[in-house]
1. Could you give the Stokes-Einstein D for the range 4-51 in µm² per second, using the C-alpha Kirkwood radius, 20 °C, 1.002 mPa s?
2. For helix 148-160, what angle does its Cα long axis make with the longest principal axis of the chain, in degrees from 0 to 90 and rounded to 10?
3. Based on the Kirkwood radius over alpha-carbon pairs, what is the Stokes-Einstein translational diffusion coefficient of the range 96-167 at 37 °C with 0.692 mPa s viscosity, in µm²/s?
4. No partner Cβ under 4.7 angstrom, meaning no disulfide-compatible partner by this rule: which Cys of the chain qualify?
5. Any chance you could look up the accessible area of I140 with a 1.4 Å probe, heavy atoms only, rounded to 10 Å²?
6. Listed highest first by mean packing, meaning other Cβ atoms within 10 Å per residue, what order do 29-41, 175-187 come in?
7. Could you compute the FRET efficiency for I57 and H173, with r as their C-beta to C-beta distance and R0 at 25 Å, rounded to 0.05?
8. Please give the helix 6-15 orientation as an angle from the longest Cα principal axis of the chain, in degrees from 0 to 90, rounded to the nearest 10.
Amino acid sequence: MSVAGPEIERLIQLLAKLPGLGPRSARRAVLHLIKKKDALLIPLAAAMADAAEKACICSTCGNVDTRDPCTICADPRRDAASICVVEEVGDLWALERAGAHQGGYHVLGGVLSALDGVGPDDLNIGKLVERARNGEVKEIILAMNATVDGQATAHYIMDRLDGTGISISRLAHGVPVGGELDYLDDGTLAAAMKSRRPF
């Protein structure tokens with residue numbers, strides 16, 4: 001049952017499709033936007049139109065930006081000898097927020113998954129191998145999620161890069177900073193024990 005005009009209902013329906021928002025949250029968001037029409041709704045609509053027109057995928061690494069190559073790939077201060085491989089753009093952005101990597105990136109666009117019918121040709125793996133063989137890359141960091149599919153993808157990439165002479169590493173798994181052992185799951189504790197190092 002509609003409680004507002006079709007334009008507002010359409011906005012609610014579109015917002016409800018976003019991750020983390022359902023119909024009720026979308027209604028609250030739309031009401032807030034309308035109440036703050038001049039300060040929020042109009043600038044948001046303009047920003048979304050601008051982003052929709054200019055957003056593109058970087059042809060080098062697969063990042064989302066408004067330029068190609070993206071801001072990260074075009075930065076001369078970045079270490080071109082190091083590439084951090086991630087599953088999705090959100091993972092790249094998370095690493096950037098943390099300031100954890102000063103080199104380049106490569107976004108795969110997902111992980112290998114036989115159940116979902118995702119094979120090597122469905123991911124951006126060929127471009128990674130091409131970048132690795134250009135002679136400039138010395139290190140590849142596999143920053144896949146610690147899932148079965150993530151680890152299978154990491155092993156597949158290692159096999160594809162075999163014989164290149166490039167140093168390949170992966171993110172450490174184990175106890176998070178500030179974590180308490182009593183609250184960790186068994187898999188995390190086992191990985192932490194297996195990956196222990198001298199103090």
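The values are calculated or read from the model by the stated rules, or taken from the named source; none is laboratory data. Here the structure is a predicted model, which means the values were calculated and not measured. No Cβ is skipped: glycine too gets one built from the backbone with ideal geometry, and neighbour counts run over all protein chains shown. Only protein heavy atoms, including side chains, enter the accessible area calculation; ligands, DNA and RNA are left aside. Shrake-Rupley method; radii C 1.70, N 1.55, O 1.52, S 1.80 Å.
1. Working: Rh = 11.0 Å.
This corresponds to a translational diffusion coefficient of 195 µm²/s.
2. Between helix and principal axis, roughly 50 degrees.
3. Numbers: Rh = 13.1 Å.
The Stokes-Einstein estimate is 250 µm²/s.
4. For the chain, the answer is C56, C61, C73, C84, because their Cβ atoms have no other cysteine Cβ under 4.7 Å.
5. Number for this one is 0 Å².
6. Working: 29-41: 13.4, 175-187: 9.2.
In descending order of packing, they fall as 29-41, 175-187.
7. Numbers: r = 29 Å, r/R0 = 1.18.
Taking R0 as 25 Å, the efficiency between I57 and H173 is 0.25.
8. With rounding to tens, the tilt is 20 degrees.
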